[in-house]
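Chemist: Please read through the structure below; I'll follow up with questions.
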Amino acid sequence: VTLTVRNLPPANAGADVAICSGDSIGLTGSGGAQYAWTGSSIVSGQATANAIVNPITTTNYALSVTDQFGCVAMDTVNVAINPTPVISAGLDVFICGTAATLTATGGQNYQWSPTLGLGSPNTASTSANPAATTMYTVVSQDQNGCESLDSVLVTVYPPLAVQGSSDDSICPGGVAPISALGAGGDGGPYSYSWSPTAGLTNPNSGTTSASPITTTTYVVTVTDQCGSPVATDQVIITVLPLPVL
């Protein structure tokens with residue numbers, strides 16, 4: 001009686017690989033006629049040479065290879081999980097007439113979107129000057145090619161505005177109340193400045209009184225704490241002539 005000892009099939013589960021968290025990968029086995037993969041998160045192809053896996057953590061997958069004679073051999077492959085990079089787009093910002101600087105960190109290359117209002121959408125740091133409040137999202141990859149994203153809100157304050165009180169008239173030596181009301185910008189508090197200052201009780205208040213010697217046009221300028229472009233308005237105080245007796 002001749003007893004033949006056959007060689008085991010050359011089972012090969014492929015080289016160890018690394019993927020990004022959340023990704024799937026195809027494993028390719030060889031060396032036999034029948035195949036069986038074991039391990040967690042096998043999506044498809046468990047009983048074929050080509051299996052697709054989606055592991056949550058680093059996982060070893062075992063491949064059982066059977067040849068035409070029924071001989072069985074095993075091999076394993078390691079699928080490592082690279083962590084998702086932590087990308088930061090920075091804190092939300094407010095702008096009022098001037099551009100803001102957005103700076104992203106945590107990756108190696110960056111892509112901002114939408115690109116409207118951005119100075120350089122493909123760099124970590126870029127200037128943002130949108131016409132309206134906009135949410136910008138930055139996508140970046142790390143050295144392993146793993147991708148992540150973050151967003152930053154750029155709030156655009158409305159233009160600064162000011163409304164002066166109605167024009168008025170006084171007799172010589174009389175006093176007229178004048179006032180101004182700011183709006184827009186960062187919402188206040190606002191700073192007021194009247195010019196010229198002659199005849200005013202308080203040229204740096206939103207509400208004051210005027211007692212000019214001659215007819216005078218008072219111009220009020222309003223500013224906010226954000227640095228919005230200033231707004232102006234005017235109030236004319238007419239000094240009426242004395243009656244001729």
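The values are calculated or read from the model by the stated rules, or taken from the named source; none is laboratory data. Nothing here was measured: the structure is a model prediction, and the numbers come from that model. Here Cβ is always computed from backbone atoms with ideal geometry, including for glycine, and neighbour counts include all displayed protein chains. Note: areas computed on protein heavy atoms with side chains; ligands, DNA, RNA excluded. Shrake-Rupley method; radii C 1.70, N 1.55, O 1.52, S 1.80 Å.
Chemist: Check off (1) over 29 Å from P229 (Cβ atoms); (2) at pLDDT 95 or above; (3) surrounded by 20 or more Cβ atoms within 10 Å (Cβ to Cβ); (4) of a type outside the set (S, T, N, Q) for A124 and give me the number that stays unchecked.
Modeler: (3)
Chemist: Considering every residue within region 212-225, establish whether at least one is open to solvent by less than 50 Å² (accessible area, probe 1.4 Å), in a loop (DSSP other than H, G, I, E, B) and modelled with pLDDT under 95.
Modeler: Yes; the residues of region 212-225 include at least one that is open to solvent by less than 50 Å² (accessible area, probe 1.4 Å), in a loop (DSSP other than H, G, I, E, B) and modelled with pLDDT under 95.
Chemist: Looking at region 183-206, which of its residues are not aliphatic (A, V, I, L, M) and not in a loop (DSSP other than H, G, I, E, B)?
Modeler: Those that are not aliphatic (A, V, I, L, M) and not in a loop (DSSP other than H, G, I, E, B): S191, Y192, S193, W194, S195.
Chemist: Separate question: Just for region 157-171: of the residues that are part of a loop (DSSP other than H, G, I, E, B) and open to solvent by less than 40 Å² (accessible area, probe 1.4 Å), which one is farthest from P229 (Cα to Cα)? First the steps, then the outcome.
Modeler: Just the residues of region 157-171 that are part of a loop (DSSP other than H, G, I, E, B), to begin with: 157-160, 165-167, 171.
Now narrow it down to the ones that are open to solvent by less than 40 Å² (accessible area, probe 1.4 Å): 160, 165.
On the way: L160: 7, S165: 21 Å.
Only one residue tops the list, namely S165.
Chemist: Restricting to region 63-83, name every residue that is of a type in the set (S, T, N, Q) and not in a strand (DSSP E or B).
Modeler: Residues of region 63-83 that are of a type in the set (S, T, N, Q), as a first pass: 64, 66, 68, 76, 78, 82.
Of everything in region 63-83, just one residue is of a type in the set (S, T, N, Q) and not in a strand (DSSP E or B), namely Q68.
Chemist: Moving to a separate point now. Please list, ordered by first then second residue, the pairs with beta carbon atoms under 9 Å, 6 or more apart or interchain, first in region 39-51 and aromatic (F, W, Y), second modelled with pLDDT of 95 or more and loosely packed, with under 13 Cβ neighbours inside 10 Å.
Modeler: none
Chemist: Follow-up question, since we're still on this one. Let me spell it out: the conditions are (1) within 47 Å of the chain's Cα centre (by Cα); (2) surrounded by fewer than 13 Cβ atoms within 10 Å (Cβ to Cβ), and S179 meets all of them except one. Which number is the exception?
Modeler: Every condition holds for S179 apart from (2).
For every residue, the table says whether it meets (1) in contact with a Cys (Cβ under 7 Å, 6 or more places away or on another chain); (2) under 30 Å from T207 (Cα atoms); (3) without any contact (Cβ under 8 Å) to a residue 60 or more places away in the chain.
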| position | (1), (2), (3) |
| --- | --- |
| D75 | no, no, no |
| N78 | no, no, no |
| I95 | no, yes, no |
| T98 | no, yes, no |
| W112 | no, no, yes |
| M135 | no, no, yes |
| V138 | no, no, yes |
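Chemist: For region 3-47, how many residues meet the condition of being at pLDDT 95 or above, hydroxyl-bearing (S, T, Y) and either open to solvent by less than 40 Å² (accessible area, probe 1.4 Å) or under 19 Å from C71 (Cβ atoms) (or both)?
Modeler: 3
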